1. Can you name the residue in the range 11-39 that is farther than 9 Å from residue 76 by Cβ and under 13 Å from the mean Cα position of the chain (by Cα) and, of all such residues, is modelled with the highest pLDDT?
2. Being assigned to a helix (DSSP H, G or I) and in contact (Cβ under 8 Å) with a residue 40 or more places away in the chain: is that true of residue 81 here?
3. Checking residue 41 against (1) surrounded by 13 or more Cβ atoms within 10 Å (Cβ to Cβ); (2) farther than 26 Å from residue 2 by Cβ; (3) in contact with a helix residue (DSSP H, G or I) (Cβ under 8 Å, 6 or more places away or on another chain), only one condition comes out false. Which one?
4. With respect to residue 71, is the statement that it is over 24 Å from residue 106 (Cβ atoms), in a helix (DSSP H, G or I) and under 13 Å from the mean Cα position of the chain (by Cα) true?
5. Which ones in the range 47-67 are under 12 Å from the mean Cα position of the chain (by Cα) and buried (at least 17 other Cβ atoms within 10 Å of the Cβ)?
């Protein structure tokens with residue numbers, strides 16, 4: 001049942017991400033990626049709200065938690081999960097680990113994009 005909750009949430013989250021991102025981008029009339037920016041920030045806000053409900057015991061089932069946090073929000077924006085994990089490291093005063101986590105995601109992520117593009121040019 002948990003896998004089904006994640007799958008359904010993920011499908012809905014992906015559709016919401018596409019629709020919201022495209023709608024915002026088209027409405028902005030700009031080449032700046034406003035759609036992705038807004039989706040990521042809204043996703044972080046909703047992830048914070050949902051996580052607070054989980055911590056306070058207001059999600060009554062594991063499937064409900066997985067539907068919202070892992071499926072819906074995970075597909076809507078993985079940035080929200082990344083931000084929650086970084087926040088939790090900071091909340092636990094694990095500052096060095098948080099800095100490493102943030103830095104690796106940013107710099108290694110950019111390097112991985114570049115490397116993937118190089119491999120893609122070869123293949």
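1. Here the answer is 38.
2. No.
3. Every listed condition holds for residue 41 apart from (3).
4. Considered against the rule, which asks whether it is over 24 Å from residue 106 (Cβ atoms), in a helix (DSSP H, G or I) and under 13 Å from the mean Cα position of the chain (by Cα), residue 71 comes out as yes.
5. 47
The values are calculated or read from the model by the stated rules, or taken from the named source; none is laboratory data. Just so you know, these numbers come straight off a predicted model, no measurement behind them. Here Cβ is always computed from backbone atoms with ideal geometry, including for glycine, and neighbour counts include all displayed protein chains.
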